[in-house]
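Just so you know, all these numbers are worked out from the coordinates, no wet-lab data involved. For clarity, every value in this text was computed on a predicted model and none was experimentally measured. Glycine gets a Cβ as well: all are built from the backbone with ideal geometry, and neighbour counts include every protein chain shown.
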Amino acid sequence: MLSAEQHSGLLKLLAATQRQRGVITYRQVIEQLQLPAPSVRRLASALEQLACADHAQGWPLRSALVVSQAQPAHPQLGFIQCVQKLGCFQATIDEANVAAWLSAELAQVYLFSYPEV
């Protein structure tokens, strides 16, 4: 779990990334929020919870803005499995399908107006 301050910081980072129409890596988020170990697990859990909350509202998944620094720059497998369970990703998990889903999801995220952080 993230603290309230860390969660707020995550939402602000995602909002800034959205405005720039870019993506941010897991490592960049961990460093900017100064998350303690196990930082990747904490961040992954927070991103999955945010995806569930966004999905429940019928919003595009802003968690998709966070990607691996390795190529291809996609969200981690656990996140893709999470959005698959939500029904947002309905294909076989492979590089081409994930890339296509991510491109479409990011296009929606960039156009969406989320409530103020």
Highest average packing first - 95-106, 22-33, Cβ atoms within 10 Å: 22-33, 95-106
Using only C-alpha atoms and all pairs of different ones, pull out the Kirkwood radius for the chain in Å with one decimal. 14.2
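For every helix of n ≥ 4 consecutive DSSP H residues, a contribution of -39,500 (n - 2.57) applies; sum these over the chain, divide by its total residues, and give [θ] at 222 nm rounded to the nearest 500 deg cm²/dmol.
Numbers: 5 runs with 70 residues, N = 117.
Result for the chain: -19500 deg cm²/dmol, rounded to the nearest 500.
Taking each full run of DSSP H in the chain as one helix, which ones are at least 15 Å long along their axis (Cα atoms) and have mean Kyte-Doolittle hydropathy of at least 0.0?
On the way: long enough: 4-19 (23 Å, -0.21); 39-57 (27 Å, -0.04); 95-111 (24 Å, 0.69).
Membrane-span-like by this criterion, though nothing is claimed about a membrane: 95-111.
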